[in-house]
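The next block holds one structure in the form of C-alpha cells; read it before the comments.
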Amino acid sequence: LLCRADGDPPPSTRCARDGGTNRTRGSRTVSRNDAGRYVCRATNKHGSAVRSVTVTVECEHQEGTGDKDL
C-alpha cells in the first residue's frame, strides 16, 4: 500500500494499519494477515488530509504451500 499526495510544499505521507504502526516500505509478499483498515495521512505546513482504505486479501490454496483453508 502506497500513500502519495501532491502539494506545495510537498507533503510528508505515512500509511499505518488502523491502530497500528507505520507500514514498512518496499516490496514483499502479501498475506491474509495484511487485510484490514489502513489510514493514510498527508501533512504539510497548510494542514493535513486523511483517507482510510480497507484492504481485502483473497488467495487460493495451493498444494505444498503449507496454507490451510480456514
Only one of (1) open to solvent by 70 Å² or more (accessible area, probe 1.4 Å); (2) at pLDDT 90 or above fails for T13. Which number is that? (1)
Being open to solvent by 100 Å² or more (accessible area, probe 1.4 Å) and either within 12 Å of the chain's Cα centre (by Cα) or modelled with pLDDT of 90 or more (or both): is that true of R25 here? yes
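The values are calculated or read from the model by the stated rules, or taken from the named source; none is laboratory data. Since the structure is predicted, the reported quantities are computational estimates derived from the model, not experimental observations. Calculation scope for accessible area: heavy atoms of the full protein, side chains included, ligands and nucleic acids excluded. Shrake-Rupley method; radii C 1.70, N 1.55, O 1.52, S 1.80 Å.
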